[in-house]
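One structure below.
Nothing in this text is a laboratory measurement; each read-out follows from the coordinates by a stated rule. Worth saying up front: this structure is predicted, and the values here are computed from it rather than measured. FYI the Cβ positions are ideal-geometry reconstructions off the backbone, even for glycines, and counts take in every protein chain you see.
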Amino acid sequence: MGKGHTVTKRSALVSACVCVAAGIWSDRLASAQPPLTVYQTTLEEPGQLTREISTETLLSILATHSEPVFDVRTAHEYAIAHIPGTINIYEKEVDQIAALYPERSTPMVLYCNGPACGKSKRTSEQLVAMGYTNVRRYQLGMPVWRALSQTVQTDMPGVDYIYRGDRTAVFVDARTPAEFGTGTVPGAVNVQQGEATAANDDGRLPFTMGGFLVRGGDRVVLVDAGLGEGEMMGIKAGALLESLAALGVAPDDVTDLVFTHLHIDHIGWASADGRIVFPNATYRCAPNEWEHFMVDHRGDEAAVLEPATERFEHWTPGDTIAPGLDTLATPGHTPGSTTLVLSSGTERVMFLGDVVHCPVQLEDDEWAALFDVDPDLARRTRTALAKEVI
Ligand SMILES: [Zn+2]
């Protein structure tokens with residue numbers, strides 16, 4: 001009996017432990033949310049009039065056609081790239097939404113150019129003011145949609161615009177080589193399904209980060225100097241000297257090395273193995289750019305530029321570097337980002353550095369680049385620049 005009693009007590013103790021353990025476990029089950037995936041996140045901005053939806057929710061809505069999704073950007077932007085299955089109604093034409101969906105309880109989603117874009121916020125506020133009660137926003141917008149490897153659709157006016165206006169665009173013909181051989185878009189490359197890595201390696205999908213060569217009189221000017229020998233974000237670099245040689249330019253020939261800014265992918269060939277690459281060149285940049293990268297934020301850039309310290313001269317914004325080549329302060333991407341303006345008669349070429357990464361940034365000031373040191377200043381700079389060039 002005593003023995004049995006002991007067993008009973010032990011059993012009770014074991015049971016109690018199991019119960020406690022189970023209690024802890026069930027508490028954990030109840031309280032611990034599984035971590036959100038990037039598809040399930042939103043910006044969660046405070047004080048917003050309408051709610052956001054995640055990429056996962058948007059995918060579900062588009063797959064089931066459960067409610068309309070409006071792209072409230074301009075028709076031009078929509079034609080260049082938009083989320084497939086969406087309806088384009090520009091923010092200033094919100095009455096068209098009311099005409100299409102007069103029922104004020106209609107659920108609907110709005111999107112535009114991403115976290116910093118105000119179009120979907122403004123449009124949703126207009127709709128709420130008109131009595132709509134179920135308006136939500138995909139505020140993550142185009143950049144996040146693209147980043148999560150979702151397809152965007154380009155309509156013919158967009159194809160036309162890109163083909164004529166964007167010299168960096170590569171048109172990929174994904175049909176069979178036999179079909180490709182029968183005729184394609186001029187300049188297109190043939191890349192089959194599964195060949196993307198091979199096409200990246202063999203140059204069918206190019207990504208260049210070199211510089212611009214300007215020759216005139218006795219001056220041989222190189223604007224920016226690529227990444228140098230190496231790799232960045234999977235992009236192989238290192239061909240700048242060969243490209244110059246193909247144009248008959250040896251490193252000794254270069255008289256001026258001019259930097260739009262000092263990010264690593266623009267200064268790479270400033271030095272190699274601790275020695276300057278262009279021994280006869282004067283190296284030039286804006287003074288506050290030097291201050292930023294060589295004094296305040298020393299990093300990889302400082303290591304590359306250090307051997308060239310004695311070669312550097314700094315301009316005052318507005319200075320002329322060489323006949324027909326002037327400096328224009330365009331700060332924001334970095335403190336001393338400078339546009340080099342090459343003029344001949346009535347024609348101009350502007351070497352923008354990273355002031356603008358994509359033509360659409362000149363048409364819509366709500367696009368920003370992730371690498372801008374001062375995004376607000378960069379936006380104001382682009383707005384001013386757009387008035388110059390468009
Ligand atoms: Zn940059």
A correct Karplus calculation of ³J(HN,Hα) over the range 49-54, with 6.51 cos²θ - 1.76 cosθ + 1.60, θ = phi - 60°, whole Hz and x for Gly and Pro, returns 6, 10, 7, 9, 10, 7
Set Lys and Arg Cβ to +1 and Asp and Glu Cβ to -1, take the dipole of the chain about its Cα centre, and tell me which of 112, 102, 210 lies farthest positive.
-> 102
Report, in whole Å, the centroid distance computed from the Cα atoms of the range 219-297 and the range 97-159.
-> 43
Just how many pairs of Lys in the chain have C-alpha atoms closer than 28 Å, counting pairs that are eight or more places apart or on different chains?
-> 5
Place +1 on the Cβ of every Lys and Arg and -1 on the Cβ of every Asp and Glu in the range 276-390, take the dipole about the Cα centre, and give the residue among 384, 321, 290 whose Cα lies farthest towards its positive end.
-> 321
Cα centre as origin, Lys/Arg/Asp/Glu Cβ charges: the range 269-357 dipole, Debye | 180
Would you mind working out the magnitude of the charge dipole of the range 39-147 relative to its Cα centre, with +1 at each Lys and Arg C-beta and -1 at each Asp and Glu C-beta, to the nearest 20 Debye?
-> 100
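With contacts defined as alpha carbon pairs under 8 Å and 6 or more residues apart, what's the relative contact order of the chain in percent?
Values: 618 pairs, mean separation 35.6, N = 390.
Dividing the mean separation by the residue count of the chain yields 9 percent.
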Treating only the Cβ atoms of Lys and Arg (+1) and Asp and Glu (-1) as charged, compute the dipole magnitude of the chain about its Cα centre; round to the nearest 20 debye.
-> 1840
Can you check what the net charge comes to around residue 244, using other residues whose Cβ is under 12 Å from the Cβ of residue 244 (Lys, Arg +1; Asp, Glu -1)?
-> -2
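How much length, in nm to one decimal, is gained on full extension between residue 64 and residue 329, taken as 0.36 nm per residue of separation minus their Cα-Cα distance? Working shown, then result.
Numbers: separation 265, 0.36 × 265 = 95.40 nm, distance 5.00 nm.
Full extension from residue 64 to residue 329 adds 90.4 nm.
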Can you work out ³J(HN,Hα) from phi for every residue in the range 96-104, in order, using Karplus 6.51 cos²θ - 1.76 cosθ + 1.60 and θ = phi - 60°, giving whole Hz and x for Gly and Pro?
-> 5, 5, 5, 5, 6, 10, x, 5, 5
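For residue 350, what is the net charge nearby, where nearby means another residue's Cβ is under 15 Å from its Cβ and Lys, Arg count +1, Asp, Glu -1? Could the numbers behind the result be given before it?
Numbers: positive: 167, 348, 382, 387; negative: 224, 326, 347, 354, 388.
Spelling it out: positives minus negatives among the neighbours equals -1.
Using a Förster distance of 25 Å, how high is the FRET efficiency between residue 192 and residue 154, based on the Cβ-Cβ distance and rounded to 0.05?
Working: r = 21 Å, r/R0 = 0.82.
The calculated FRET efficiency here is 0.75.
Based on the Cβ-Cβ distance from residue 92 to residue 247, what FRET efficiency comes out when R0 is 45 Å, to the nearest 0.05?
Details: r = 49 Å, r/R0 = 1.08.
Efficiency, rounded to the nearest 0.05: 0.40.
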Positive-end residue of 178, 161, 150, charge dipole of the range 133-183 with Cβ unit charges = 150
